[in-house]
């Protein structure tokens, strides 16, 4: 078990995190059919002119990459500030889902509610989700949307998590946050699913190239990391698809040496910096799979919390052994989310690990 479970937040350190900018209302649907069965039912319903498919389970949950990260960091004990824009209804939902749990809310109500309809299908290794999203206010959340109060919160936080490339202004937002924050302030970025945005990946490279004097974290799953690597010099999509993830991660970190690339997958998680693989840790074998959606976000929240618990307020001082502990902790946090279906506290996750491990 990761030694980080035995650490406590240092009262002399800044253990707060600002998370921005996306909140989604997630409508989570378990069809209670296999993907093939549901396809057949959809097809029959469509061709008979419409109708209802019965038997599905629905759940209305707080979501969005940022929203999930905020829930996790808060549950793990970090002072969490959630920043963004939504509608009046969205603000009521945020109060219900987040403020009630002690998360500090800094949202304006000048926009529209972002929402996702999510189908989760069982597969051999767990669950696969299919999402249909409407970005609304997230679509163009740039620096001009930030109020003075929100800017002050970002400046004063120990960590800043920025999420979701559905936001067309995300890179402008990241550049601005780099400008207003201290260089030692740890910033982590999750671009999320890049497959709808292939033509914009070159813009991410420009962001990386223009900020080589700034250390920061980029997190992603195997597909997202592979897509980031697809535009590396002398790379082709075919080569990337046929190359192991360690090589892809190392290639990215050799090219952009100031960035900590942190990869999470169903089988393992790893970190590479400056062309060196600093950690690679297997994930847990889970007894149950209750929720696949948000697993990467929970991992991201666990990563940031573990860095804070390690009292590493600068990326450059994290040792190889510490990275291993940090990644292992993030794996545990994500495992709990997937298996239980909600974020857990440090004590809850520790007890869960002991239970499934038979300790």
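The values are calculated or read from the model by the stated rules, or taken from the named source; none is laboratory data. Since the structure is predicted, the reported quantities are computational estimates derived from the model, not experimental observations. All Cβ positions, glycine included, derive from the backbone under ideal geometry; neighbour counts span all protein chains shown.
Can you work out which of the residues in the range 315-353 that are without any contact (Cβ under 8 Å) to a residue 12 or more places away in the chain and in a helix (DSSP H, G or I) is nearest to residue 277 (Cα to Cα)?
321
Report yes if some residue within the range 114-121 is closer than 30 Å to residue 311 by Cβ, touching a helix residue (DSSP H, G or I) at 6+ places or on another chain (Cβ under 6 Å) and in a strand (DSSP E or B); otherwise report no.
Checked against the condition, which is being closer than 30 Å to residue 311 by Cβ, touching a helix residue (DSSP H, G or I) at 6+ places or on another chain (Cβ under 6 Å) and in a strand (DSSP E or B), the range 114-121 yields no hits at all.
Quick test of your reading of the structure: residue 162 fulfils all but one of (1) under 16 Å from the mean Cα position of the chain (by Cα); (2) buried (at least 20 other Cβ atoms within 10 Å of the Cβ); (3) not in a strand (DSSP E or B). Name the failing condition by number.
Answer for residue 162: the failing condition is (3).
Based on what the data block shows, is residue 84 surrounded by fewer than 17 Cβ atoms within 10 Å (Cβ to Cβ) and either in a strand (DSSP E or B) or out of contact with any strand residue (DSSP E or B) (no Cβ under 8 Å at 6 or more places or on another chain) (or both)?
No; evaluated as a whole, the condition is false for this residue.
Given (1) touching a residue at least 60 places away in the same chain (Cβ under 8 Å); (2) crowded, with 18+ Cβ neighbours inside 10 Å, identify the lone condition not met by residue 103.
Just one mismatch for residue 103, condition (1).
If residue 225 passes every condition in (1) at pLDDT 90 or above; (2) assigned to a helix (DSSP H, G or I); (3) over 17 Å from the mean Cα position of the chain (by Cα) but one, which one does it miss?
Evaluating residue 225 over (1) at pLDDT 90 or above; (2) assigned to a helix (DSSP H, G or I); (3) over 17 Å from the mean Cα position of the chain (by Cα) leaves (3) as the failure.
Specify which of the listed residues (157, 147, 188) is under 15 Å from the mean Cα position of the chain (by Cα) and modelled with pLDDT of 95 or more.
On inspection, the qualifying residue turns out to be 188.
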